[in-house]
Every structure is written in C-alpha cells, then in structure tokens.
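A short worksheet on the structure shown next.
The values are calculated or read from the model by the stated rules, or taken from the named source; none is laboratory data. Because the structure is predicted, anything quoted here is derived from the model rather than measured. Methodologically, a virtual Cβ is constructed for each residue, glycine included, from the backbone with ideal geometry; neighbour enumeration extends over all protein chains shown. Surface accessibility is based on the protein's heavy atoms, side chains included, excluding ligands, DNA and RNA. Shrake-Rupley method; radii C 1.70, N 1.55, O 1.52, S 1.80 Å.
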Amino acid sequence: MMTDNLAQLSELGVSIWLDDVSRHRLNSGNLAGLVRDKHVVGVTSNPTIFAKALSDAADYDEQVRELAARGASLSAAVKEITTTDIRNACDLFRDVYERSGHVDGRVSIEVDPRLAHETDKTVAEALDLWKTVDRPNLLVKIPATEAGLPAITRTLAEGVSVNVTLIFSVERYRAVMDAFIAGVEQAQANGHNVAELHSVASFFVSRVDTEVDKRLEAIGTDAAKSLRGKAAVANAVLAYAAFEEAFSTERWRTLAAPGANAQRPLWASTGVKNPDYSPTLYVDELVVANTVNTMPEATLDAVAEKSQLRGDTVTGKAGEAQEVFDALERVGIDIPDVFVTLEDEGVEKFEKSWEELLSSVDGQLKAAKES
C-alpha cells in the first residue's frame with residue numbers, strides 16, 4: 001500500500017506550495033489538479049517563472065492581441081498580463097484560503113526586481129500591485145535587501161500582506177523578522193486588523209549548497225569535501241531556531257494577543273541542483289510545523305514517489321547545525337562573503353529574467369500589431 005507522502009508532509013505542519021504559475025497551468029486545469037490531488041495549498045511566482053511562461057506558451061496570444069490593439073505600453077502590458085494570472089490563481093485558491101482560516105491559499109507576485117535597492121519605489125509598486133490584483137489572498141514579494149527592509153515595514157503598515165524573498169543568511173533573516181514585527185505594530189497603530197495580515201519569509205536553500213560546495217571543491221582537502229551538501233540544511237535549521245526565538249518574545253506576544261499571525265518561514269529554492277543529492281533532500285530534512293515548502297513540480301513529484309519522511313527533522317538541531325558552520329569556517333569558507341554573493345546573484349538573476357520577460361512581451365506586441 002502506497003503512503004501518501006504529500007498528505008503526511010501536510011499533517012506534519014508543512015504547507016505545500018507550488019513554485020510555478022502560468023496561464024497554461026490555469027487554463028488546462030493542471031493547477032486545480034495539483035490542489036485536488038497533490039495537497040498544494042499555495043503558489044509562488046517570480047520574474048524567472050513569468051519569463052518562462054511568456055516565452056513558450058500560446059495561452060497569452062489573445063490578451064497580447066487585445067493589448068496591442070489598444071496601444072498599451074510595454075510596462076502596462078507586462079503588468080496586465082502578470083496580474084491577470086495572479087488574480088486568476090487567487091480565485092482558484094480562494095476555497096483553500098477560506099478553509100485554512102486565511103493562512104494558506106496564498107498566491108505571490110514580486111515587485112519589479114530592478115527596484116531591489118530603492119525603498120520608496122518598492123513600496124509604491126507593492127501598494128499598486130495589491131490594489132491591482134485586489135484579492136485578499138495575495139502576497140506581495142519584496143526582496144530582503146538593505147533597501148527592502150524598510151519597504152517591508154512600510155508595506156505591512158498599510159495592511160498589505162508580504163512575502164519577503166531572497167533571504168540567505170540568518171543575520172538578514174533576523175532583520176527581516178524585526179522589519180515584519182515593526183510593520184505589524186505600525187499596521188495596528190494605523191487601525192488595520194492585524195489578524196488579517198499575513199507574511200512568509202522566503203529563506204533560499206539549494207543555492208547555499210551550490211555556492212558553498214563550489215568553494216569546498218576549490219579548497220579540495222578531504223575535510224572540505226566532507227562538508228559538501230551540508231551548508232544549506234544547516235543554514236535553514238539555524239533560521240528556524242531564530243524564528244522560534246523571535247516569536248516567543250514579550251514584544252510579539254503583545255501583538256499575538258489581538259490575533260497577529262507570526263511570519264512563517266518558507267523554504268524556497270528547494271529543487272536540488274546537484275544530481276548526486278537526493279531529489280527530496282530539501283524537503284525531507286526541513287520538516288517542521290508552521291513552515292511552507294514551495295517546490296517546483298519535479299520536486300513535488302519526487303516527494304510523492306520517493307520521500308522517506310521521519311517526522312520533525314528540524315527542532316532541537318540548531319547545535320548540530322552550528323557545528324557545520326564552525327567546520328566550514330575552519331576549512332576556509334568565508335561565510336559572510338557567501339551570503340553577499342548569493343544576494344547579489346539573486347537580484348541579478350531576477351533582473352535578467354525581468355528583462356527577458358519585457359523583451360518577450362515586446363516582441364509579441366509588435367508581432368500582434370503587424371498581423
């Protein structure tokens with residue numbers, strides 16, 4: 001008899017979100033099927049996901065023709081196309097949203113990644129996306145850059161639910177949680193119902209191993225090579241310990257009393273990049289209550305077929321995780337530099353994807369006008 005690994009994962013307190021959205025998934029019934037059959041209770045998007053969706057599907061042709069016919073600008077066209085998908089996904093997940101007490105059934109859309117280092121413009125776009133999509137189960141994604149931190153607080157203060165993305169280090173994660181709590185305090189002061197304010201903190205996983213493993217290979221000693229594939233999970237385990245600490249303070253309890261919701265850790269980038277590792281590594285080793293794991297469909301399928309779930313694999317493991325980082329430093333890994341590199345690369349990759357998205361839509365608009 002087969003075990004329903006995805007159901008078991010859900011029962012262990014991990015919300016399963018799909019790290020992908022497209023008009024084809026929406027129109028074909030694929031996404032609805034994953035909700036029905038694979039315990040998917042949310043969706044995340046990013047510039048790379050949209051760039052891929054727009055480059056290889058005919059599902060957008062009708063809307064592109066209509067946009068071209070009324071002379072929409074490139075930026076207006078991209079906004080309308082992406083927010084249409086997100087709004088429709090929000091509607092698809094509305095039942096999940098209601099059944100979960102507004103915790104899940106969430107759909108994320110990211111601000112223009114070119115604004116990652118501009119606080120005021122990030123806030124303006126976050127508020128604009130919130131109004132444009134106009135669905136209560138939306139999460140607006142804001143990057144956890146230095147400029148993003150005050151934008152997180154200011155956006156939450158306006159009663160807008162936020163997905164904080166591109167978090168790599170525990171140090172930055174602590175700053176994100178501080179920004180979140182300050183935002184909830186300001187939202188309360190502004191008269192918003194904090195019980196309706198939700199947030200997740202997207203802590204990137206696989207990219208940490210990719211960067212650290214590359215550096216361990218370059219060092220080349222046996223001690224260094226023995227640490228391959230350990231940094232990402234250890235980093236996430238330390239992040240969860242920081243989460244438990246931040247949301248057990250008197251400051252937080254004061255907000256929780258009227259119903260404020262803790263900002264859940266979200267394990268992002270959980271598709272395994274190294275084929276030598278188990279395809280379910282970043283799911284099996286990060287099972288703990290009050291978290292989200294957003295997976296590409298290949299990882300979702302791998303979990304369904306191959307996961308060997310062992311219950312909670314995170315709680316109480318912070319000491320072991322710290323030992324991994326101590327060992328990494330001993331063999332010569334510059335941990336702070338790893339995280340700076342990852343953040344810079346993360347912003348750069350999303351900017352490149354955004355430019356690809358703009359180019360793709362521009363080409364489609366021009367073709368529609370000529371046809």
>> Looking at the stretch 136-146 only, could you name the residues that are under 14 Å from Ser45 (Cβ atoms) and assigned to a loop (DSSP other than H, G, I, E, B)?
In response: Asn137
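Only helices (runs of 4 or more DSSP H) wholly contained in the stretch 253-367 count here; list those with 2 or more residues that are free of Cβ contacts under 8 Å to residues at least 60 places away in the same chain and under 30 Å from Ile81 (Cβ atoms). Let's see the steps before the verdict.
On the way: elements: 281-284, 297-306, 318-330.
The qualifying helices (runs of 4 or more DSSP H) are 297-306.
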>> One residue is enough: does the stretch 12-30 have a residue meeting the conditions within 18 Å of the chain's Cα centre (by Cα) and surrounded by fewer than 20 Cβ atoms within 10 Å (Cβ to Cβ)?
In response: yes
>> From the list Tyr240, Tyr282, exactly one residue is touching a helix residue (DSSP H, G or I) at 6+ places or on another chain (Cβ under 9 Å), under 27 Å from Asn193 (Cα atoms) and of a type in the set (Phe, Trp, Tyr). Which is it?
In response: Tyr240
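Filter the stretch 51-101 for residues that are polar (S, T, N, Q) and in a helix (DSSP H, G or I) and give the result. Walk me through how you get there before you give the answer.
Filtering the stretch 51-101 down to residues polar (S, T, N, Q) leaves 55, 63, 73, 75, 82-84, 88, 100.
Matches in the stretch 51-101: Ser55, Gln63, Ser75, Thr82, Thr83, Thr84, Asn88.
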> Counting only residues that are out of contact with any Phe, Trp or Tyr (no Cβ under 8 Å at 6 or more places or on another chain) and open to solvent by less than 50 Å² (accessible area, probe 1.4 Å), which one in the stretch 244-255 is nearest to Val164 (Cα to Cα)?
Replying inline: Phe247
> Just one of Leu156, Leu149 is open to solvent by 10 Å² or more (accessible area, probe 1.4 Å), in a helix (DSSP H, G or I) and of a type in the set (A, V, I, L, M, F, W, C); which is it?
Replying inline: Leu149
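Listed here are the residues, each with its yes/no results for (1) at pLDDT below 95; (2) in contact with a Phe, Trp or Tyr (Cβ under 7 Å, 6 or more places away or on another chain); (3) of a type outside the set (Val, Ile, Thr); (4) within 24 Å of Lys317 (Cα to Cα).
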{"residue": "Ala262", "(1), (2), (3), (4)": "no, yes, yes, yes"}
{"residue": "Tyr277", "(1), (2), (3), (4)": "no, no, yes, yes"}
{"residue": "Leu281", "(1), (2), (3), (4)": "no, no, yes, yes"}
{"residue": "Glu285", "(1), (2), (3), (4)": "no, no, yes, yes"}
{"residue": "Ala289", "(1), (2), (3), (4)": "no, no, yes, yes"}
{"residue": "Val292", "(1), (2), (3), (4)": "no, yes, no, yes"}
{"residue": "Pro296", "(1), (2), (3), (4)": "no, no, yes, no"}
>> If Ala234 satisfies all but one of (1) assigned to a helix (DSSP H, G or I); (2) surrounded by fewer than 18 Cβ atoms within 10 Å (Cβ to Cβ), what's the number of the condition it fails?
In response: (2)
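Just to verify a result, which residue in the stretch 36-48, among those that are out of contact with any Leu (no Cβ under 7 Å at 6 or more places or on another chain) and touching a residue at least 40 places away in the same chain (Cβ under 8 Å), is farthest from Leu6 (Cα to Cα)? Write out each step before concluding.
Filtering the stretch 36-48 for residues out of contact with any Leu (no Cβ under 7 Å at 6 or more places or on another chain) gives 36-37, 41-42, 44-46, 48.
Those still in the list that are touching a residue at least 40 places away in the same chain (Cβ under 8 Å) too: 41-42, 44-46, 48.
Working: Val41: 11, Gly42: 14, Thr44: 18, Ser45: 21, Asn46: 24, Thr48: 26 Å.
If we take residues in the stretch 36-48 being out of contact with any Leu (no Cβ under 7 Å at 6 or more places or on another chain) and touching a residue at least 40 places away in the same chain (Cβ under 8 Å), then Thr48 is farthest from Leu6 (Cα to Cα).
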> Of the residues that sit in the stretch 191-210 and are touching a strand residue (DSSP E or B) at 6+ places or on another chain (Cβ under 8 Å) and in a loop (DSSP other than H, G, I, E, B), which one is least open to solvent (accessible area, probe 1.4 Å)?
Replying inline: Val205
> What are the residues in the stretch 37-93 that are open to solvent by less than 30 Å² (accessible area, probe 1.4 Å), over 13 Å from His24 (Cβ atoms) and in contact with a strand residue (DSSP E or B) (Cβ under 9 Å, 6 or more places away or on another chain), if any?
Replying inline: Val40, Gly42, Val43, Thr44, Ser45, Asn46, Pro47, Thr82, Thr83, Ile86, Cys90, Phe93
> Here are some conditions: (1) out of contact with any strand residue (DSSP E or B) (no Cβ under 7 Å at 6 or more places or on another chain); (2) farther than 30 Å from Ser371 by Cα. Val96 meets all but one. Which one does it not meet?
Replying inline: (1)
> What are the residues in the stretch 344-370 that are farther than 24 Å from Ala69 by Cα and either open to solvent by less than 30 Å² (accessible area, probe 1.4 Å) or touching a His at 6+ places or on another chain (Cβ under 6 Å) (or both), if any?
Replying inline: Gly346, Val347, Phe350, Ser353
> Going through the stretch 102-130 one residue at a time, which ones are outside any helix (DSSP H, G or I), crowded, with 23+ Cβ neighbours inside 10 Å and of a type outside the set (A, V, I, L, M, F, W, C)?
Replying inline: Gly105, Arg106, Ser108, Glu110
>> So, in the stretch 215-231, exactly how many residues are in a loop (DSSP other than H, G, I, E, B) and free of Cβ contacts under 8 Å to residues at least 40 places away in the same chain?
In response: 3
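So, in the stretch 159-178, how many residues would count as being open to solvent by 10 Å² or more (accessible area, probe 1.4 Å) and either in a helix (DSSP H, G or I) or closer than 22 Å to Glu196 by Cα (or both)?
7
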